[in-house]
Amino acid sequence: MTVVQLPLTRHLVDFGRALREHGLLVGPSEVIDAASAAEALGLQDRERLRAGLAAALLRRSGERRVFDEIFDVYFPSAVGDPTELITPPTLLDADERREHAAMLRDQLAAALASNDTAALQRLAEQSLVDLGRLPNEASAGAFSAAQALDTLAPQTSLAAALQAGTGTDGPLFTAAFRRDELRSRIGEFRAAVESAARRRNAEVRGRQRISRYAVRPSTDRTLFILAGPQELAELRATIGPLARKLATRLAAKRRRRNRGQIDLRNTLRRSLATGGIPVRPAYRIRPPHKPDLVVLADFSSSVAGFSRFTILLMQALQAQFNKVRIIGFVNVCSDLTELFASAPPGSDLTEEIRDVREMTRWHRNSDYGSALADFVDNHLDAVTPRSTVLILGDARSNHTDPRIDALRVIRDRARTVIWLNPEPARSWGSGDSETAVYGQVVEMHECATIAHLRQVVSRLLPV
């Protein structure tokens with residue numbers, strides 16, 4: 001029986017460590033399985049090795065993107081410049097860079113039109129070398145994918161690629177040039193440029209540094225307040241699976257709670273059938289009960305993405321609650337229950353909520369004190385002794401009066417009040433943050449990522 005070479009074993013250990021730094025559950029047993037897979041598959045076919053290591057190391061859905069990006073760093077397709085690359089020209093000024101980028105765009109449009117995978121990969125490397133080289137390699141790394149893609153603007157090649165297929169005979173040109181398919185190819189080209197940049201920078205700066213700082217975190221570890229459009233789309237895609245898992249946990253938690261206390265009389269009666277041993281205890285079954293949920297969410301620009309995502313998750317979990325009310329605010333409150341109730345589960349309501357005129361008074365800055373007072377004055381009927389109030393926001397009130405008295409009124413009327421703060425806890429109390437003041441009145445929990453939100457819903461929400 002052959003044994004995996006020691007240098008590869010150490011390489012796999014470093015690879016597993018890099019995956020763990022991004023939140024993937026990779027322990028010693030998974031690394032041993034990966035070594036066995038590498039021994040069985042060999043190193044000749046890189047994509048076969050990628051599939052084998054993924055099968056051995058991944059345990060959750062949504063981890064494949066992070067795995068692939070780190071795999072490209074630790075198992076690169078090449079070292080240095082590929083032989084087919086042309087020596088990059090000397091581009092002295094902005095006009096020369098624009099002319100060279102236009103030439104590369106023409107080649108990209110032709111490669112997109114013909115779906116030439118090899119040409120697209122070569123163009124990705126060529127574009128990075130020609131347009132992405134940074135002047136100060138010692139401080140910033142050798143290449144920047146963002147600089148290359150900004151200069152090249154590959155999305156502008158879509159029209160040229162569509163035009164290249166117009167009027168061409170044959171089955172290849174009847175279905176292959178649909179707009180969405182070309183957009184998908186452009187997305188793959190952008191990913192190839194980013195992968196080439198990580199590979200080259202790893203040669204200059206080291207694999208560990210690049211895998212730590214140049215790989216986007218997994219969806220579970222993406223900060224809500226820093227998520228861009230692409231990250232928010234990935235987060236929305238997780239709502240359905242996450243809601244199903246959390247609904248199962250809440251239902252199991254409710255079943256355990258509804259069993260109630262042991263019924264001693266019936267337990268002793270059952271034990272007569274087993275020689276006096278209480279094998280099957282009897283319980284006093286409590287009547288089924290589902291709490292009411294009131295969501296009070298900040299929709300100011302700084303935390304609107306977090307509020308939208310959390311509300312969509314609560315909407316998906318609606319069957320676990322008796323009634324759900326959703327109140328949005330910036331500095332005054334507006335009832336959004338009907339808007340969310342009428343939308344399909346998981347739908348993007350960004351445009352519908354972008355207009356916050358009904359949630360503002362004289363300005364568009366968040367004012368938690370004014371919003372809490374307005375809630376007490378106009379929406380307090382939504383809160384009953386059966387209600388769980390979920391407050392979503394960063395508690396940054398722009399140095400206005402926090403109105404602790406209004407928050408106390410809500411706390412005293414509700415069954416429980418839970419405040420979810422999307423800011424990392426290390427930022428609490430800085431600047432205009434009122435977390436210390438509000439945290440003395442109600443429970444405040446860090447909820448910066450999906451992992452935090454999963455824990456809050458499964459452990460803290462009453463059933």
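The values are calculated or read from the model by the stated rules, or taken from the named source; none is laboratory data. Since the model is a prediction, treat every value here as computed from it, not as a measurement. For neighbour counting, all protein chains shown are included, and Cβ atoms are generated from backbone atoms with ideal geometry for every residue, glycine included. Accessible surface is based on the protein model in full, side chains and every heavy atom, while ligands, DNA and RNA are left aside. Shrake-Rupley method; radii C 1.70, N 1.55, O 1.52, S 1.80 Å.
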Stretched fully, the stretch from SER184 through ALA341 gains (0.36 nm per residue minus C-alpha distance, one decimal, in nm) 53.2 nm
Say each of GLN44 and SER114 gets a label point 7 Å from the Cα, pointing the same way as Cα to Cβ; how far apart are those two points in nm?
3.0
Separation in nanometres of the label points that stand 7 Å from Cα toward Cβ, at SER36 and GLU352:
5.1
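Which net charge results when you count Lys and Arg as +1 and Asp and Glu as -1 among the other residues whose beta-carbon is under 15 Å from that of GLN208?
+4
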Net charge, THR117 excluded, C-beta distance under 11 Å - Lys, Arg +1, Asp, Glu -1
0
With the crude spin-label approximation of a point 7 Å out along Cα→Cβ, what separation in nm comes out for ARG60 versus ARG98?
4.6
Quick one: Karplus J couplings for the stretch 55-65, per residue in order, coefficients 6.51, -1.76, 1.60, θ = phi - 60°, nearest Hz, x for Gly and Pro?
5, 7, 9, 8, 10, 10, 6, x, 9, 5, 4
So for each of 431-441, 184-194, 268-278, 65-75 I average, over its residues, the number of other beta carbons within 10 Å; can you give me the resulting order with the highest mean first?
65-75, 184-194, 431-441, 268-278
Antiparallel %, DSSP beta bridges [both residues in the chain], to 5
20
Could you tell me the relative contact order of the chain? Use alpha-carbon pairs under 8 Å, at least six residues apart, and round to a whole percent.
11
In this structure, the FRET efficiency calculated for ILE262 and ARG20 from their beta-carbon separation, with R0 = 60 Å, to the nearest 0.05, is 0.85
Helix 179-205 axis, angle to the chain major axis (alpha carbon atoms, nearest 10°)
80
Can you list the lysines whose alpha carbon sits under 20 Å from that of LYS323, skipping same-chain ones fewer than 8 residues off?
LYS253, LYS290
Can you tell me what the convex hull of the Cα atoms of the chain projects to on average, as an area in nm²?
33.9
Could you report the accessible area of LEU43 in Å², rounded to 10, computed with a 1.4 Å probe on the protein chains as they sit in the structure?
100
Which length gain, in nm to one decimal place, applies between GLN163 and ARG244 when the Cα-Cα distance is subtracted from 0.36 nm times their residue separation?
24.7 nm
